[in-house]
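Okay, so here's the structure we're looking at.
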Amino acid sequence: MNHPATARPATTVPSTSNLRIRSLEPLVPPARLAALLPLDEAATRTIVEGRQAVERVLAVARGEVIACELPGGFRISRTNQRISITPTPAQD
């Protein structure tokens, strides 16, 4: 028994890309941004100290060190597989 070919109706697939984007603006290149907004000494110090703190946290997480001091009066330590960040005890 022969069945006539059945044509499927064309379906439109709704777009799922960029639904919440209203517009695009190019980013300012880093060199241009640095020229427009130069960092003062305090900002540079904050960036350097922040990077050093991240390096210390990662060293503890990787097991390279057991504990170290962090800026802001905190200490990070590792015991077994647990990592703790606690306030540094006040020194008299």
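The numbers here are math on the coordinates, done by the rules we state, and not lab data. As the structure is a prediction and not an experimental result, all values here were calculated from the model. All Cβ positions, even for glycine, are placed from backbone atoms using ideal geometry, and neighbour counts span all protein chains on display.
Here are a few things to note about the model shown:
- Pick from the range 66-82, criterion of a type in the set (A, V, I, L, M, F, W, C) and in contact (Cβ under 8 Å) with a residue 12 or more places away in the chain, ranking: nearest to E49 (Cα to Cα): L70
- Qualifying residue in the range 77-85 (condition: on the phi < 0 side of the Ramachandran plot, part of a loop (DSSP other than H, G, I, E, B) and among the hydroxyl-bearing types (S, T, Y)): no
- Residue tally, condition surrounded by fewer than 10 Cβ atoms within 10 Å (Cβ to Cβ) and either in contact with a Pro (Cβ under 9 Å, 6 or more places away or on another chain) or assigned to a loop (DSSP other than H, G, I, E, B) (or both), over the range 10-62: 23
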